[in-house]
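Taking it in order: structure first as structure tokens, then the write-up.
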Amino acid sequence: MDIDSYEERKVRWLPLSLFLGVIVLGLAVLIFKDDTDLRSPLEPNLGCLVMQDNGNYKDSINIIFLGTSYTNIDKFKKDSENMMNTFLSTEPYPSYKDRFNFFRIEEFGNYGCKYDDAVVCNPSMAQRESIKCPGHDYVIILTDYSNVKNFFRHLRSSAWLNVASLNVVDDPLVFPHEFAHIFADFADEYEFGGKIDWNAPNCDNEKLT
């Protein structure tokens, strides 16, 4: 009788066990699969404007400009064009001009930017907006500093993860500079002082301290 009861329980619980197994397997697939192609549009979606498009989004470097603190769309267009042109005229980038695609999103958003000594924006918030554009490898957030409080002191630009937050009051050369941080993990180079605590590829490892 005990054996029969055990077998009956096994049969009764078998459908539920299979059902739970399917759910667990499905969750594992969703978590671990590479869904980059699913998340990246094959063409610019509505709201993503092409600035320079060499195609081949998967094997190219795709850069998206976002704007914050702007009140004038024409100023954002001018600033983003100026940043792109400066970038593409600053070596080594001109030598690889055909490997870069540039886009901009002409709807200003809130990207969780903090303004202290530097402008630092939230990478995850920026990525959610940049999804409108193909690839969205690197996001460049332009801040119109004239519309930010505490404008009597200079606000530095910054780079964090794959996002550069740029103060457009800076020289446009700030873009290729900050891009080197997020693209190649370069460190700032100082004539004196400062400390580099990682193996930055542009620095002599024997002089990191």
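The values are calculated or read from the model by the stated rules, or taken from the named source; none is laboratory data. The structure presented is a predicted model; accordingly, all values stated were derived computationally and were not measured. Backbone-built Cβ (ideal geometry, glycine too); neighbour counts: all protein chains shown. Ligands, DNA and RNA are stripped out before the accessible areas are found, and what is left, the full protein with its side chains, is counted by its heavy atoms. Shrake-Rupley method; radii C 1.70, N 1.55, O 1.52, S 1.80 Å.
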Contact list, first residue from region 95-122 and in contact (Cβ under 8 Å) with a residue 60 or more places away in the chain and more than 17 Å from Tyr145 (Cα to Cα), second anywhere and among the small types (Gly, Ala, Ser) and buried (at least 18 other Cβ atoms within 10 Å of the Cβ), beta-carbon distance below 9 Å, six or more apart or interchain, is Glu107/Gly67
Within region 60-74, of all residues that are farther than 15 Å from Tyr138 by Cβ and outside any strand (DSSP E or B), the one least open to solvent (accessible area, probe 1.4 Å) is Tyr70
Out of all the residues in region 75-91, is one or more hydroxyl-bearing (Ser, Thr, Tyr) and free of Cβ contacts under 8 Å to residues at least 12 places away in the same chain? yes
Of the conditions (1) at pLDDT 90 or above; (2) more than 14 Å from Gly109 (Cβ to Cβ), the single one that Ile141 does not satisfy is (2)
Filtering region 38-92 down to residues that are out of contact with any His (no Cβ under 6 Å at 6 or more places or on another chain) and of a type in the set (Val, Ile, Thr) yields Val50, Ile61, Ile63, Thr68, Thr71, Ile73, Thr86, Thr90
So the strands (runs of 3 or more DSSP E) completely within region 75-182 holding 3 or more residues that are open to solvent by less than 40 Å² (accessible area, probe 1.4 Å) and under 17 Å from Ile64 (Cβ atoms) are 100-105, 138-143, 163-167
The lone condition Asp197 fails out of (1) closer than 18 Å to Tyr93 by Cα; (2) modelled with pLDDT under 70; (3) acidic (Asp, Glu) is (1)
